[in-house]
Amino acid sequence: MTERNPAAEALPDRAYGSGSRARRRSVHSHKVTIGDIARHAGVSKTAVSFAFNKPGRLSAETTRHILDVARELGYTPNPVARSLNTRRTHALGVIVPQDIPTVLSNPFFAELMSGIGEVCKVEGMSLVIVPPMRGSLVEATYAALVDGCIVTGLSAEDKVVRALRMRRIPFVMLDADAPDDIASVQVDDSRGAYLAMKHVLDLGHRRIAIATFEPFTGRIEDYTGTLRHRFSGYQAALTEVGMLLCSPGIHVIECSCDVAGGQRAFQLLTKLRPQPTAVIALSDVIAFGVIAAAHCAGVRVPEDLSVVGFDDIEASHLLRPALTTVRQPTREKGRQAAEMF
């Protein structure tokens, strides 16, 4: 009488070759299901589900066997069904108020995403950009299939934050004056802006244009976050020389936060009388546009026009002469935000 080994019977023949080819042919006529995998692997459907979603519930050998069989059969897990089962998407979202072309054209975001991506790589997560959907960032927030979000360019009172709270999705805010119950990562924008303005004032400039990426009302108290802190810094430096943001020689020019916005800002400042002799841009990418337009107009930088940026992105060092700018640790800021989850 031959003895039977139950453990051996639990694992079917795993030899590859004609048997494997026959196995694939037998199921190619329909979509492979976990039932097919269970049948061919000699295990239960529950075991198959564990192998894909909770491998710690099975032995390493059994998990490997089930995954090998699934691979032979050409099975591809449905990511939506899998996320419903595990209640996880293994994706981290980055909410941005701009459209994707604008975001990807800004080197600042490339550096920010790089820092976030370093953490995602270690944690085995994907990175999802969440821009406005049909013009609505709130709608996009409700539709985003993510486990957590990093919020950029918004205030803590924004409807997007309310939507995240309603969905009970953990989130971290960047450069926002967040209350104590919201995690946030900030740099000292006020100090950075103060240093930028002090630099041009120390050079003797008193006709200065500030190229900002938000409509400016002239009242610092109307703003929160980055804009408020930076204009507070500009005002602090101006006060030291007896000037104000509303002084005759100070002009605020509104523009989009991209190279084209900087180019338009330069065109606008050339119409001012008397013309500014210095430009302080709220981002390096705006400064790039100002410098490009100045070059086309035959205006020399820095001989005829001083330009100061903010960010110190890597591309700023490629200009000749290199852009004078305020450094903020953009990549580190993204990394720290992602590590908070």
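The values are calculated or read from the model by the stated rules, or taken from the named source; none is laboratory data. Remember, it's a predicted structure, so these values are computed and weren't measured experimentally. Neighbour counts are summed over all protein chains in view; Cβ atoms, including those assigned to glycine, are modelled from backbone coordinates with ideal geometry.
So that you can scan it fast, the table gives a plain yes or no per residue for (1) surrounded by fewer than 22 Cβ atoms within 10 Å (Cβ to Cβ); (2) of a type in the set (Asp, Glu); (3) farther than 19 Å from Arg230 by Cα:
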position	(1), (2), (3)
Pro248	yes, no, yes
Phe266	no, no, yes
Ile280	no, no, no
Gly298	yes, no, yes
Glu303	yes, yes, yes
Asp311	no, yes, no
Leu319	yes, no, yes
Val326	no, no, no
Glu339	yes, yes, yes
Taking helices (runs of 4 or more DSSP H) that do not extend beyond the stretch 84-194, which have at least 2 residues that are under 26 Å from Val259 (Cα atoms) and at pLDDT below 95? 100-104, 107-123
Which condition number does Pro276 fail, the rest of (1) assigned to a loop (DSSP other than H, G, I, E, B); (2) modelled with pLDDT under 95 being met? (2)
Could you run through the stretch 167-189 and say how many residues are surrounded by fewer than 20 Cβ atoms within 10 Å (Cβ to Cβ), of a type outside the set (D, E, K, R) and over 17 Å from the mean Cα position of the chain (by Cα)? 2
Leu112 touching a strand residue (DSSP E or B) at 6+ places or on another chain (Cβ under 9 Å) and over 28 Å from Ala287 (Cα atoms): no
Within 30 Å of Lys45 (Cβ to Cβ) and not assigned by TED's automatic domain parsing to the domain that holds Tyr223: which single residue out of Val146, Val122, Val172, Val138 fits that description? Val146
In the stretch 218-252, how many residues are part of a helix (DSSP H, G or I) and either of a type outside the set (Ser, Thr, Tyr) or in the same structural domain as Ala156 (by TED's automatic domain parsing) (or both)? 14
Just checking, which of Gly192, Gly117, Gly135, Gly124 is within 13 Å of the chain's Cα centre (by Cα) and of a type in the set (Gly, Ala, Ser)? Gly117
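Yes/no per residue for (1) out of contact with any Leu (no Cβ under 7 Å at 6 or more places or on another chain); (2) part of a loop (DSSP other than H, G, I, E, B); (3) at pLDDT 90 or above:
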residue	(1), (2), (3)
Val43	yes, yes, yes
Phe50	no, no, no
Ala70	yes, no, no
Thr76	yes, yes, no
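So which residues in the stretch 195-217 are within 24 Å of the chain's Cα centre (by Cα) and in a strand (DSSP E or B), if there are any at all?
Ala211, Thr212 - these are the residues of the stretch 195-217 that are within 24 Å of the chain's Cα centre (by Cα) and in a strand (DSSP E or B).
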